[in-house]
Structures are given as C-alpha cells and as structure tokens.
Amino acid sequence: MKNASLTVSLAGLRLANPTMLASGILGYSVETFESIAKGGAGAVVTKSVGLKPREGYPNPTVVQVSSGLVNAMGLPNPGIQEFVQEIRKAKVALRVPLIVSVYGFSPAEYATVAGRAVAAGADAIELNVSCPHVKETGSEIGQSSQVLIQVVRKVKHTINKPVFVKLSPNVTSIEEIAQAAANAGADALTIMNTVKALAIDAETMMPILANKTGGLSGPAVKPIALRHVYSVYERVKVPIIGCGGISNWQDAVEFLLAGASAVQIGTAISTIGPAVFEKVACGISKYLKRKGLRSVSEIVGLSHRN
Ligand code: RRO
C-alpha cells in the first residue's frame, strides 16, 4: 500500500503535513523560522506582535515545573513596524505558510497590526486573545464573547487572509467563546493557550517568576487541551488546530481523533529540538498506513463516532 498523504487543507492554506510551530516559543527572526521549517513543520506561527514595541517582564520569565513550563514573558516584541521587515524576508525564504500572531488593546489595534502583517506577506493571522497575564489584552479580550466578536469582525473586515483565533482555557465555557468567534467569522480556532499557573520557591518562600503568576504549557496540560478540542468540535463547525503538550506522534493523533485538523507544537521544541516536527509527521504517516488509511482527514474527529 502507498504511503498515506499528510497534506492538510486548513482554512484555505495548504500544509505539507499537519504540524505547525506554536506561537510564543521562539523569537521573531527568519533564521529561526527557517530552522523550524527545516525541522519539518508544515507551517510556522510567529510570537505575538503588537502596534508598539514592548520589553516584556523582567527575568525570571520561565521556570521548569514537573511535566511542563510556567512562563510569564509579558509579550516582549519589536512592534509591527520593525517586524514587517522579518515578515518580508520570511516570505522569500520560507516554503511553508507563515502565520503572524497578533495582539492589541482594542479591536482597531488588532486590525491595524493584522493589516500591516498581511501587507508584508503573512499568509494568515492568528489573533492572540488568550495571553493569561498581560492586562487589557489577551484573555481579557478572549474571555468576553462581546469583546471578542468586535475584535474578530474588525480584523475580518480589514484583511482578506484567513483569521485564526487562539482561545484561552481560563474561561467558564470555552464552547461559548468558540461559538462567538466562529459567528464573528473566525476561519479556524487554535485550542489552546496556556493554563494560569504559579510556581513558588520553598527556600526563598516567594513566587519564582518576576510577574509571580504565569501560564503552564507542556505535557501537564495535554489532557485539558484534548478535552477542549473534543468538546468544541461537537459544538462549532470551523476547523480546529490542537495545541497543548504535544510532543510525539501519539499525542498528535489523539488531537486529530478529538477533532483537530492540524496541531501546534511549542514546549516540546525546548526538549527535542526542531526535529520534533518531522518525528511527529513521520509517526502520523506510519500510523495511518498501519490503519489502512490514506489521508489525515480520515481520522479528524473519528473518536466522536457512536
Ligand atoms: O508573552 C507571554 O507571556 C505569553 C503570551 Br503572549 C501568551 O499568549 N501565552 C503565554 O503563556 N505567555
């Protein structure tokens, strides 16, 4: 039997395989994006960029805990004016779709930054409405259906590229928020951002991160993300990108079976390196072949059958 096809069509984008670099884990340079594409990623998502440059929080900004990382970087970024130069270079250098993650403090700001990113060559925009620890943006936008709808509508009116919305697990009903994003025109939903968390040092008797609280990522959050993907898939009819603790092909397959059309990998890069993408893609391919299936799309949502 022939090898299974790993190609995925996601909101109009063509991915050679269903793995993507998750926003946040790596910086803003073309060289980094190239190393991720060489590692086998089907697409890359940049760190979140806003209208103005931001320094982010002082160190320490990341701490390792059992089964994951807690981070509070505080949205450090060069601002869109500076970043468009990297987007332009990346468009020339990269053979995989480039998705620019965008944040703002108002619907108009999200739209302005998204518009500039698309003008510079972004293939799609991912709206960060889920950063757990920066005031007046991130999850403060994404926890209110009303505010989220305004942001998504404004961005959709401004650009003519696919708009992904990255959702927060730190809400009462992710299904309700997901439905609101879809109603407002989201082309895909990325589920999920980090889980609000805290690490304390017993010796100093203080929180470890300078910002005190942060967001947990890595294997510890995988079952939470999987559950959110599973339950949003039953409610909302837009493609889902699974994100949360994926570090091997089995994890990725579980997300596809739960209803994700593609998966994002972030924290696992810090332990496995960029080769994680090829390893995961190769594992999915062997799995499909072993099951006698011909394409990734055949297993999307398959765990929902009665
Ligand atoms: O920069 C951060 O501290 C950060 C962001 Br923007 C985000 O979306 N999620 C996260 O865990 N950290």
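Readers should treat all values here as calculations from the given coordinates under stated rules, not as data from a laboratory. All values derive from a computational prediction rather than experimental measurement. Positions of Cβ are generated from backbone atoms using ideal geometry, with glycine treated the same way; all protein chains shown enter the neighbour counts.
Results, tabulated for the structure shown:
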{"read-out": "Vicinal HN-Hα couplings computed from phi for the stretch 67-72 (Karplus, 6.51 cos²θ - 1.76 cosθ + 1.60; Hz; Gly/Pro x)", "value": "6, x, 10, 10, 10, 9"}
{"read-out": "Karplus (6.51, -1.76, 1.60) ³J(HN,Hα), θ = phi - 60°, over the stretch 22-28, in Hz, Gly and Pro reported as x", "value": "6, 4, x, 7, 10, x, 10"}
{"read-out": "Among beta bridges that DSSP assigns inside the chain, antiparallel share in %, nearest 5", "value": "40"}
{"read-out": "Set Lys47/Lys222; Lys237/Lys286; Lys222/Lys291 screened for pairs whose C-alpha atoms are more than 27 Å apart", "value": "Lys237/Lys286"}
{"read-out": "Three principal axis lengths of the chain [C-alpha, angstrom, descending]", "value": "55, 49, 39"}
{"read-out": "Cleavage-rule hits, GluC sites (Glu not before Pro), the stretch 191-285, DSSP coil, Cβ neighbours within 10 Å at most 13", "value": "Glu203"}
{"read-out": "From phi via Karplus (6.51, -1.76, 1.60), per-residue ³J(HN,Hα) for the stretch 81-88 in Hz, x at Gly/Pro", "value": "4, 6, 6, 4, 5, 5, 4, 4"}
{"read-out": "Under 5 Å, built H, 5+ apart or other chain: amide partners of Ser130", "value": "Gly138, Ser139"}
{"read-out": "Unit charges at the beta carbon, dipole of the chain: most positive-side option, Ser5, Ile241, Val134", "value": "Ser5"}
{"read-out": "Modelled FRET efficiency - R0 35 Å, Glu55 with Arg294, Cβ distances, 0.05 increments", "value": "0.10"}
{"read-out": "MRE, 222 nm, helices only [DSSP H, n ≥ 4, -39500 (n - 2.57), over the chain, to nearest 500]", "value": "-11000 deg cm²/dmol"}
{"read-out": "By average C-beta atoms within 10 angstrom, highest first, the peptides 57-63, 127-133, 70-76", "value": "127-133, 70-76, 57-63"}
{"read-out": "Exposure proxy order (Cβ contacts within 10 Å, fewest to most) of Lys47, Lys2", "value": "Lys2, Lys47"}
{"read-out": "Length gained when the stretch Arg305-Glu175 is fully extended (0.36 nm per residue, less Cα-Cα span)", "value": "44.8 nm"}
